[in-house]
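Encoded as structure tokens, the structure appears first; notes follow it.
The values are calculated or read from the model by the stated rules, or taken from the named source; none is laboratory data. Everything quoted here is computed from the prediction, not taken from an experiment. Glycine also receives a Cβ, built like all others from the backbone with ideal geometry; neighbour counts cover every protein chain displayed. To get the accessible areas, we keep the full protein, side chains included, count just its heavy atoms, and leave off ligands, DNA and RNA. Shrake-Rupley method; radii C 1.70, N 1.55, O 1.52, S 1.80 Å.
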Amino acid sequence: MDGIVLLKEDHKTVEKLFKRFEKADESAHTEKREIADQVIAELTTHTWIEEKIFYPAAREAAPDAKDHVLESVEEHHVVLWMLSELKGLDPADERFDAKMSVLMENVRHHVEEEEKEWFPDVRKAMGRNRLKELGEEMEAAKKTAPDEPLAVPSADR
Ligand SMILES: [Fe+2]
Ligand SMILES: [Fe+2]
């Protein structure tokens, strides 16, 4: 699979989870916990493969994307810390929905920038074969990605 297509598929999966969360009843704590856990798993894996594979490859192919990549890494940093807090937060806690809501805002903004502002240039610079190669590499890396948000490199710096 084309690497950018793979990343966009992940974005769609996460957006579906966000929509489910927004539709869930306020008191549906079990359902909200389950959705949040899926969001944590999806985004931890996704940020991991971007930071380990896609972002470095993007910088190499399109040096002009450097500032976008650096800003994206800082956005990951914030998101990963929020994910690690959500892991241990009871959905009945009055801060739970607010934290999910700010997380969703952050992720939606981040995804929009990736898809609209800089992935298109990276696609052009990489070409079809390189994108396919990266897609395969990321598909394989998904299987060994950590499930702990703070294990993703940008969480640490
Ligand atoms: Fe990202
Ligand atoms: Fe992404």
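Structure notes:
- Rounded tilt (10° steps) of 3-23 against the dominant C-alpha axis of the chain: 10 degrees
- Crossing angle, helix 29-49 versus the chain [Cα axis fit, 0-90 degrees, rounded to tens]: 20 degrees
- Exceedance of the 25 Å cut-off in Cα-Cα distance is limited, within the set Lys23/Lys52; Lys12/Lys132; Lys12/Lys87; Lys19/Lys52; Lys12/Lys99, to Lys23/Lys52; Lys19/Lys52.
- Backbone geometry of the range 69-75 corresponds, through the Karplus equation with coefficients 6.51, -1.76 and 1.60 at θ = phi - 60°, to 3J(HN,Hα) couplings of 5, 4, 5, 4, 5, 5, 5 Hz, x marking Gly and Pro.
- Take every Cα pair under 8 Å whose residues are at least 6 apart in sequence, average their separation, divide by the length of the range 3-108, and the relative contact order is 28 percent.
- Distance distribution note for the range 32-83: the fraction of Cα pairs above 17 angstrom is 41%.
- Dipole size of the chain about its Cα centre, with +1 on Lys/Arg Cβ and -1 on Asp/Glu Cβ: approximately 480 debye, rounded to the nearest 20.
- Exposure rule at most 10 other beta-carbon atoms within 10 Å, DSSP loop GluC sites (Glu not before Pro): the chain longest free segment: 27-93
- Ligands, DNA and RNA excluded, the heavy atoms of Lys52 present near 110 Å² of accessible surface to a 1.4 Å solvent probe.
- Given charges at Cβ of Lys, Arg, Asp, Glu: the chain dipole, positive-most of Leu103, Trp81, Gly127: Gly127
- Positive dipole terminus of the chain, leading residue within Val152, Ala36, Ala140 (C-beta point charges): Ala140
- Per-residue SASA entry for Lys116, accessible area with 1.4 Å probe, Å² rounded to 10: 140 Å²
- Residue with peak Gaussian network fluctuation, the chain [Cα springs, cutoff 10 Å], from Arg33, Arg59, Arg128: Arg128
- Carbon/sulfur fraction of accessible area - the range 1-132, other protein chains in place, 1.4 Å, %: 50 percent
- Using a probe of 1.4 Å, the accessible surface attributed to Leu17 totals some 10 Å² when neighbouring protein chains are kept in position.
- Only Lys, Arg (+1) and Asp, Glu (-1) charged, at Cβ; the range 15-104 dipole about Cα centre in debye: 200 debye
- Degrees, to the nearest 10: 96-112 long Cα axis against longest axis of the chain: 20 degrees
- For the chain, a Kirkwood radius taken over Cα pairs fed into Stokes-Einstein (25 °C, viscosity 0.890 mPa s) yields D = 153 µm²/s.
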